[in-house]
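A.B. asks: Next up is a structure, given as structure tokens.
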């Protein structure tokens, strides 16, 4: 497999509103980010991915874009972004932007023009349809966030499609003028010096002609008619022709993606359309149907998912590895243990970063931030959480049970402000009130405390990322899942005569582990661990709560 710079790098994701407030208005901004570039560099990453920085009315906190060629006033100015870009590049940090092109904000100038009627040149930038009959939507599609997928516009007696919130009308990608706009936007940012894009729900941009009714589901009815639509590859090929003029990188977000379907887009070679894909399969190991229907965490399913992606992509495509982002609750509160926060935080980091692929680390993950347990829906900000709560209550779930699901599964769990120190507002802002409440545990979980503690999660991430950078076996080695007790996740990596054993315990109970006969622990170096070493007996040992070890034979 060919080595590429995007395979060598590790990426730090910033959700700008909650990262660091530099001007004291309670909202994270570019000034705050610039002040933390050295912190990010010292972590050992090579790139920063920004969730949307563009002007937005914040119906979905930036994923409803009102202007693709500017910076939100909440965050700063385009000139400040250019300073940030320059300062990041001085530190050898690449910058990745979020490209949201399935939909815009309903406050985008294109949509405002589109609403003026069929004679307007922007009308066909969006998907408009007449109702099946008066008061009846064009089809039975439901949005992912907010009830019906159609919103009525009485001024022109037509409905527009929104597969997410009603403030996020879907673009009509079948219109070549829309695709030209997108290609011009891509060039605008790449010409400025941006190094690549994360492409939001990119597999939704092509809809099936005729927009037929969908199979009835509680949400997202009709998704089978726009997931991997008929012209998706054609449109991605058009965008790739722009990317080919630059040394840049692309990662697509792809709900309901499997290794087989992903390979249609990311298999290396002449037909490759994207460099890698974000999938969600490993995020479905503690729920069914929707992440709000919570079940006990199933480590056996997690192992199966990772084994599938690692083995089926090896040598022919590249994985994008993550365990947290702006759409997912904090992983320690899900797959780890708040009781054993430090141990499980280090174990989870080892588990995924020691696999083949580019690792993505979400802000706060590196210091072991946890879910805040906000117990009233009135205190939530996320449109998805608010509307899912309403749906569950409508379906007859009690407030107590629905809030239990919300406190576990809400996207807002990952959106509380970054915890920098134990001072006022966790060092996030000098304002009296931050835009969103801060997890009270910032008193003892914060970056400053983590930096001072030699054995902290933060310092473990630094060591782990340095190990990955210095050892090609982590990046390019093959992958063999070991057959173990269900709560032990262990695998072997091999590369150019080297062998690496990775052991991760997903339990606080003591369990016996024995390495395979062809991997002799006594001949290996223990390069990473979250406990002081204990005796190895008969090529094995007993695990301690959420223990992890990495052994390397060179």
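A.B. asks: Is it the case that some residue within region 75-95 is more than 30 Å from residue 465 (Cα to Cα) and part of a loop (DSSP other than H, G, I, E, B)? Write out each step before concluding.
C.D. replies: Within region 75-95, the subset more than 30 Å from residue 465 (Cα to Cα) is 76-79.
Then keep just the ones that are part of a loop (DSSP other than H, G, I, E, B); that gives 76-77.
The answer is yes; a qualifying residue exists.
A.B. asks: Checking residue 538 against (1) closer than 24 Å to residue 467 by Cα; (2) free of Cβ contacts under 8 Å to residues at least 60 places away in the same chain, only one condition comes out false. Which one?
C.D. replies: (1)
A.B. asks: Which one of 319, 308 is on the phi < 0 side of the Ramachandran plot, in contact (Cβ under 8 Å) with a residue 12 or more places away in the chain and within 17 Å of the chain's Cα centre (by Cα)? Let's see the steps before the verdict.
C.D. replies: Values: 308 fails: within 17 Å of the chain's Cα centre (by Cα).
After ruling out the rest, the residue left standing is 319.
A.B. asks: Determine if region 337-347 includes at least one residue that is buried (at least 19 other Cβ atoms within 10 Å of the Cβ) and closer than 28 Å to residue 144 by Cβ.
C.D. replies: Looking for residues that are buried (at least 19 other Cβ atoms within 10 Å of the Cβ) and closer than 28 Å to residue 144 by Cβ, one finds none in region 337-347, hence no.
A.B. asks: Given the structure, is residue 65 closer than 22 Å to residue 200 by Cα, out of contact with any helix residue (DSSP H, G or I) (no Cβ under 7 Å at 6 or more places or on another chain), in contact (Cβ under 8 Å) with a residue 40 or more places away in the chain and surrounded by 19 or more Cβ atoms within 10 Å (Cβ to Cβ)?
C.D. replies: On the way: closer than 22 Å to residue 200 by Cα: yes; out of contact with any helix residue (DSSP H, G or I) (no Cβ under 7 Å at 6 or more places or on another chain): yes; in contact (Cβ under 8 Å) with a residue 40 or more places away in the chain: yes; surrounded by 19 or more Cβ atoms within 10 Å (Cβ to Cβ): yes.
It is true that residue 65 is closer than 22 Å to residue 200 by Cα, out of contact with any helix residue (DSSP H, G or I) (no Cβ under 7 Å at 6 or more places or on another chain), in contact (Cβ under 8 Å) with a residue 40 or more places away in the chain and surrounded by 19 or more Cβ atoms within 10 Å (Cβ to Cβ).
A.B. asks: Give, as residue ranges, the helices (runs of 4 or more DSSP H) completely inside region 363-476 that count at least 3 residues that are out of contact with any strand residue (DSSP E or B) (no Cβ under 7 Å at 6 or more places or on another chain). Walk me through how you get there before you give the answer.
C.D. replies: On the way: elements: 383-394, 399-409, 447-452, 457-470, 472-476.
It comes to 383-394, 399-409, 447-452, 457-470.
A.B. asks: Being out of contact with any helix residue (DSSP H, G or I) (no Cβ under 6 Å at 6 or more places or on another chain), free of Cβ contacts under 8 Å to residues at least 24 places away in the same chain and closer than 17 Å to residue 194 by Cα narrows it down to one of 79, 119, so name that one. Show your work before the answer.
C.D. replies: On the way: 119 fails: closer than 17 Å to residue 194 by Cα.
The match here is 79.
A.B. asks: Here is a follow-up. Against the definition (outside any loop (DSSP other than H, G, I, E, B), crowded, with 23+ Cβ neighbours inside 10 Å and assigned by TED's automatic domain parsing to the domain that holds residue 201), how does residue 33 come out, yes or no? Working first, answer last.
C.D. replies: Numbers: outside any loop (DSSP other than H, G, I, E, B): yes; crowded, with 23+ Cβ neighbours inside 10 Å: yes; assigned by TED's automatic domain parsing to the domain that holds residue 201: yes.
When the stated conditions are applied, residue 33 passes them.
A.B. asks: While we're on this one: Could you list all residues from region 250-260 that are buried (at least 16 other Cβ atoms within 10 Å of the Cβ) and either over 16 Å from the mean Cα position of the chain (by Cα) or part of a helix (DSSP H, G or I) (or both)?
C.D. replies: Result: 259, single match.
Table: residues versus (1) under 21 Å from residue 12 (Cα atoms); (2) assigned by TED's automatic domain parsing to the domain that holds residue 505; (3) touching a helix residue (DSSP H, G or I) at 6+ places or on another chain (Cβ under 6 Å).
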site	(1), (2), (3)
442	yes, no, yes
448	yes, no, no
458	yes, no, yes
470	yes, no, no
487	no, yes, yes
490	no, yes, no
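A.B. asks: Restricting attention to region 303-345, which residues are in a helix (DSSP H, G or I) and farther than 21 Å from residue 413 by Cα?
C.D. replies: Applying the first criterion (in a helix (DSSP H, G or I)) to region 303-345 yields 303-313, 331-334, 341-345.
Across region 303-345, the qualifying residues are 303, 304, 305, 306, 307, 308, 309, 310, 311, 312, 313.
The values are calculated or read from the model by the stated rules, or taken from the named source; none is laboratory data. What you see is a predicted model; the values in this text were computed from it and never measured. Cβ coordinates were reconstructed from backbone atoms using ideal geometry, including for glycine residues, and neighbour counts include every protein chain displayed.
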